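S.K.: Below you will find the structure I want to go over with you.
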Amino acid sequence: SCWTALAAPCQQLLLAAPVTKDATKGRPIFEYSDVALQVNVLALLRRAGRACCEAESVELATALQQLLVTCCQEGQLAVLGAMAQLAGHPQLAQAIVLPHLDLISNTSLMSVQKGRPAEELIPFLDLCSALAGSVGDSLFTSRQLAPLSQLCVAALGSTEHEVLKPALVFLQRLLTSRAAQLSSTDVAALAQQVLGRFHQWPRSMSGQIFKVFSAMAERHEQIYLSTVAAAGSAGSTAPCMASLSAADRQLAQQALARLRGPRLRALLQDLGAIARGEHTTDMLQSY
């Protein structure tokens, strides 16, 4: 088939050099350059992934998966953007993607351990987000959950929208899943990470930040309340509380514990702005 003929040169081009961040989701470029070749190959693979889903073709998806897995084994994570397309289809996610999740997560974990930039994880994080939406229960009860969660939590140290959004979508779905068997230690560690970092994230993430806080407050209330209480206590080093007086800390703590819905979202935005020095603590008096 034509796909068989294309697979080898596509693989060769992708493994020839590191792929830039912008290439992983870029539109086709109609020029001749090394960057354009990689952008066009990745665009072709993503389109092939969408075609597999539209046709519900396991045969085509299997051929595509073989190329993607080979590239991933060689450390090229950019191809996982195409795998994320397959992951959005429940049947293909179960049959094609999940069986290779060990290899994918191990390769991604090795990338982090080698100190590679967080932006290289974007295709992997997109894959995690897609799987959480299509086959969440199967994913959250699988043995791969631990490394996937570890990588998504590690991504919270970024300040880039493209890194944070899929990581937070995955974690939000994990927190709200009834199938996942999360320990109180795991939830507490995640809550501490989110509470300690959310003020650093771009404003474009405000909606997703609110959803994660809501998931913690509604599905893991006692752990959430304990984490908020610790953040507001004397001697706490929680960045979102660091600049507050004792009285304002207590006010913020009580508001985080009590508020839900739009008022909680507004409070989180104001706390972030205060921590960044953009607003004064007077904003807290409205809560």
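The values are calculated or read from the model by the stated rules, or taken from the named source; none is laboratory data. Just so it is clear, the model here is predicted, and its values are computed rather than measured. Backbone-built Cβ (ideal geometry, glycine too); neighbour counts: all protein chains shown. Only protein heavy atoms, including side chains, enter the accessible area calculation; ligands, DNA and RNA are left aside. Shrake-Rupley method; radii C 1.70, N 1.55, O 1.52, S 1.80 Å.
S.K.: I'd like to verify a number: residues in segment 187-238 that are part of a helix (DSSP H, G or I) and open to solvent by 60 Å² or more (accessible area, probe 1.4 Å), how many? Steps first, answer last, please.
M.R.: Restricting attention to segment 187-238, the residues satisfying the condition of being part of a helix (DSSP H, G or I) are 187-200, 203-219, 221-232.
Filter once more, so that each one left must be open to solvent by 60 Å² or more (accessible area, probe 1.4 Å): 192-193, 197, 200, 203-204, 211, 218-219, 221-222, 226.
Looking only at that region, the number is 12.
S.K.: Does segment 29-43 hold any residues that are touching a residue at least 12 places away in the same chain (Cβ under 8 Å) and open to solvent by 70 Å² or more (accessible area, probe 1.4 Å), and which are they? Give the derivation first.
M.R.: Quick first cut of segment 29-43, residues touching a residue at least 12 places away in the same chain (Cβ under 8 Å) only: 34-35, 37-43.
The answer is 34, 35.
S.K.: For segment 44-57, name all the residues that are under 23 Å from residue 124 (Cβ atoms) and in contact (Cβ under 8 Å) with a residue 24 or more places away in the chain. Let's see the steps before the verdict.
M.R.: Quick first cut of segment 44-57, residues under 23 Å from residue 124 (Cβ atoms) only: 44-53.
44, 45, 46, 48, 49, 50, 52, 53 - these are the residues of segment 44-57 that are under 23 Å from residue 124 (Cβ atoms) and in contact (Cβ under 8 Å) with a residue 24 or more places away in the chain.
S.K.: Across segment 12-35, what is the total count of residues that are farther than 25 Å from residue 118 by Cβ and in a helix (DSSP H, G or I)?
M.R.: Number satisfying all stated conditions: 1.
S.K.: Oh, and also: Give the residues of segment 18-65 that are of a type in the set (Val, Ile, Thr), within 14 Å of residue 83 (Cβ to Cβ) and at pLDDT 90 or above, sorted by residue number.
M.R.: The one that is of a type in the set (Val, Ile, Thr), within 14 Å of residue 83 (Cβ to Cβ) and at pLDDT 90 or above: 62.
S.K.: Residue by residue through segment 149-186, note down the ones that are closer than 17 Å to residue 269 by Cα, open to solvent by 20 Å² or more (accessible area, probe 1.4 Å) and in a helix (DSSP H, G or I).
M.R.: Across segment 149-186, the qualifying residues are 161, 165.
S.K.: Here is a follow-up. For residues that are acidic (Asp, Glu) and surrounded by 13 or more Cβ atoms within 10 Å (Cβ to Cβ), scanning just segment 239-287, find the one that is farthest from residue 159 (Cα to Cα).
M.R.: 248
S.K.: Mind checking which helices (runs of 4 or more DSSP H) fall wholly inside segment 49-148 and carry at least 2 residues that are over 25 Å from residue 5 (Cα atoms), out of contact with any Cys (no Cβ under 7 Å at 6 or more places or on another chain) and open to solvent by 30 Å² or more (accessible area, probe 1.4 Å)?
M.R.: Fully inside segment 49-148 and qualifying: 101-113, 122-134, 136-140.
S.K.: While we're on this one: Which members of segment 126-137 meet the condition of being touching a helix residue (DSSP H, G or I) at 6+ places or on another chain (Cβ under 7 Å) and modelled with pLDDT under 95?
M.R.: 136
To keep it simple, each residue is scored yes or no on (1) touching a residue at least 12 places away in the same chain (Cβ under 8 Å); (2) over 22 Å from residue 22 (Cβ atoms).
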site	(1), (2)
70	yes, yes
74	yes, no
79	yes, no
86	yes, yes
90	yes, yes
93	yes, yes
96	yes, yes
109	yes, yes
115	no, no
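S.K.: Give the residue, chosen from 176, 159, that is in contact with a Phe, Trp or Tyr (Cβ under 7 Å, 6 or more places away or on another chain) and in contact (Cβ under 8 Å) with a residue 24 or more places away in the chain.
M.R.: Details: 176 fails: in contact with a Phe, Trp or Tyr (Cβ under 7 Å, 6 or more places away or on another chain).
Result of the check over 176, 159: 159.
S.K.: While we're here: Going through 216, 205 one at a time, which residue ends up being within 17 Å of the chain's Cα centre (by Cα), over 24 Å from residue 280 (Cα atoms) and among the hydrophobic types (A, V, I, L, M, F, W, C)?
M.R.: Every option except 216 fails the conditions.
S.K.: Could you check segment 81-104 and list, in sequence order, the residues that are aliphatic (A, V, I, L, M) and farther than 16 Å from residue 60 by Cα?
M.R.: Hits for segment 81-104 are 98, 101, 103, 104.
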